Amino acid sequence: MGWRAIALALALALSGAAAAQTEGLPLVVVDQERILQQSLAGKALLAEEEALTTRLIEERRSLERAFEEEERALAARRDELSREAFAREAADFDARVRAARTAQDEKAIALQRSIEANRKRFLDSLQPVLVEVMQRFGASVMLDVRAVLLADPSLDVTGEVISRLDELYRAGQEDQTPPDRP
């Protein structure tokens, strides 16, 4: 879709939104990325992602250090081994390094897919809160700010969504708190 078509579609949407506002059916916008970054639930998700990513990075670094040590040890034994024995050990070492790197790459891909799926679930789970906030403002349309070229800042209800999401998150955390022991 060209820029002209996008601009025309946006102009029609905004003019329709302006007309809807005059009829008591306003349009509101939210920033889903800000909700993820600033809400308690979003921060918890991001912290979990960071922990998993850090763990994978550390695992990769540990493997690299171990292989570097093994490579130095193999190089130090080069003069002690026959040419054929050294070639076999070097080939075995190289195969293990490649396999480990492939496994690490596969783990990174799986982690990225998991992160994407978790973020999608997070954003999907927002729907009841988004509907609630939309209804509170009497809105008939809610757009993500990334889909809007220009909007009145008063249409942004992201803070309201974050506040409500945080209330629900805190309530959920309290429900999971173990009872006091006598």
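Details
- Karplus 3J(HN,Hα) series, Hz, for the range 32-39 with 6.51 cos²θ - 1.76 cosθ + 1.60 (x for Gly, Pro): 4, 5, 5, 4, 4, 6, 10, 7
- Cα lying deepest toward the dipole's positive end in the range 21-173, options L27, L155, A99, charges on Cβ: A99
- Amide proton proximity set for D144, modelled H, under 5 Å, gap of 5+: V30
- Candidates per trypsin sites (Lys or Arg not before Pro) in the range 34-98, loop by DSSP, up to 13 other Cβ within 10 Å: R77
- Cα-only Debye scattering, the range 63-182: base-10 log of I(q)/I(0) at q = 0.11, 0.14 Å⁻¹: -0.67, -0.80
- Taking a Cβ cut-off of under 12 Å around A75, the surrounding Lys, Arg, Asp and Glu residues balance to a net charge of -4, with basic ones at +1 and acidic ones at -1.
Values quoted throughout were computed directly from the atomic coordinates according to the rules given, and no laboratory measurement underlies them. Because the structure is predicted, anything quoted here is derived from the model rather than measured. So basically every Cβ, Gly included, is an ideal-geometry build from the backbone, and we count neighbours across all protein chains shown.
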